[in-house]
Amino acid sequence: MTIDKNNPLEQQNNPDRDGSSGSNVEASTHRRKKPRRDGKGSNTKANNPTTAKSKKDKALSGSKDAGKESQALSANPDVESGDAADDAAAIAEGGIKAVGNQRIIPFMKIEKPMALLSLLMVIGSIIAIAVNGLNLGLDFTGGVSADVRYEQPVEQVEVVQALADNGFDDAVVQYLGTREELLVRLPPQSDNVDGLNSSLTKALTLPNNNVEISNVNIIGSQVGNEIYLNSVMSLVLALVCMLGYVALRFQFKLALGAVLSLFHDAIVTIGVFALFGFPFDLTVLAAVLALVGYSINDTIVVYDRIRENFRRVRGITPRQTIDLSLTETLRRTIMTISTVLLVVLAMLFLGGDGLYWFSVALFIGLLAGTYSSTYIASSIPLRMGLSRDDFIVKVKPEFEEEIVTFNDPKMFEQDNA
């Protein structure tokens, strides 16, 4: 077989026949130990013109994206692209977070109509409270409280009806752990304790079910007023504590927005009770305080994401940062409010008279709290000029090293000698 020495392909495939050294043979053998993908000893992806073209297109598109990003950074005055301290802080927080192709819901686009709606709701609630007043329950106005025990389980409706038939109207009956033990509350009565004990025993006696009254208490109006003042003070103290917590944990602008949001939730819930004349007692007050805790929890989740995105996301405005944060927490908000509303609706329809108005207050407050956490708590800090500078700690310049010189008298004398 004759080998053409001028043919490079045959020289490559037969390196040991052209008089080359043994090192070339070993190199060729070592090179063929790697698996061939196209039968020619070469990598398909390396020699594939389509792959090469795609890589070239990606490189070009990457350079174009980098150019657009640099133009956006230079055009946006809110972005500090040249601040090395901010870059170091962002890397310490986990690196720069790119928005990419994520769809952002423009919540703040309708912040002005929502702010006007909130203002009208707050003003309407204050007017309803001032004009109609609250239909205060026995806990605030005073009355009679009695602990009742039956031999057999009873229904609350039966007890209320028995009291109404004997002249005790507007009675409130609650279970005390079991269906045999109940708490009966009545408006102020003219009889003394002994007269009330005998008349209540007669009124509460049901067919084939004996009753025993263990304790009868008469609550005066002065005690009711004291409870009312303490309730108002507890609500104010809760708002002040929330203001201090958010101010220390996040920032004062966010703290003011959170407290105004909590005030909105509480005043709207109380205003609905005043507008429709619903009874307002300690259980409703407990619901309002529970709403304060729930609403601040939802607000803190949103604030935490706002702070994170202000530190990590570059190239977008503060309004877009808040929209991004609300979009990222939307799924969590929907899941939380859905599960809580299921429990509230269960108490509303299955909890009986003792939990009815408590559930109504929670239902109203949950709707107001979800709305306020999205718009009021986030819109007010934005209007106050919330920006990335509020969350970035500026690194102070390094202090110059102090040079200390020690003068030894003995060395000074030796030098002079």
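The values are calculated or read from the model by the stated rules, or taken from the named source; none is laboratory data. Quick caveat, the model's predicted, so the values are computed rather than measured. Here the Cβ positions follow ideal geometry from the backbone for every residue, glycine too, while neighbour counts run over all protein chains shown. The accessibility values were calculated without ligands, DNA or RNA, using every heavy atom of the protein model including side chains. Shrake-Rupley method; radii C 1.70, N 1.55, O 1.52, S 1.80 Å.
For this structure, a couple of remarks:
- Of the listed requirements (1) charged (D, E, K, R); (2) open to solvent by 40 Å² or more (accessible area, probe 1.4 Å); (3) modelled with pLDDT of 90 or more, residue 249 misses just one: (3).
- Qualifying residue in region 348-355 (condition: in contact (Cβ under 8 Å) with a residue 40 or more places away in the chain and buried (at least 19 other Cβ atoms within 10 Å of the Cβ)): yes
- Listed by first and then second residue, the pairs linking a residue in region 183-206 that is under 12 Å from residue 159 (Cα atoms) to a residue that is assigned to a helix (DSSP H, G or I) and modelled with pLDDT under 80, with Cβ atoms under 8 Å apart and 6 or more places separating them unless they lie on different chains, are 185/138.
- Each residue in region 244-272 was checked for being closer than 21 Å to residue 125 by Cβ and of a type outside the set (Ser, Thr, Tyr), and 15 of them qualify.
- Filtered residues of region 286-319 (kept if of a type in the set (A, V, I, L, M, F, W, C) and open to solvent by less than 20 Å² (accessible area, probe 1.4 Å)): 287, 288, 291, 292, 296, 302, 306, 310, 313
- Subset of region 138-156 that is surrounded by fewer than 15 Cβ atoms within 10 Å (Cβ to Cβ) and in contact (Cβ under 8 Å) with a residue 40 or more places away in the chain - its residue that is farthest from residue 200 (Cα to Cα): 152
- Filtering 239, 243 for residues that are at pLDDT 85 or above and open to solvent by 30 Å² or more (accessible area, probe 1.4 Å) leaves a single hit, 243.
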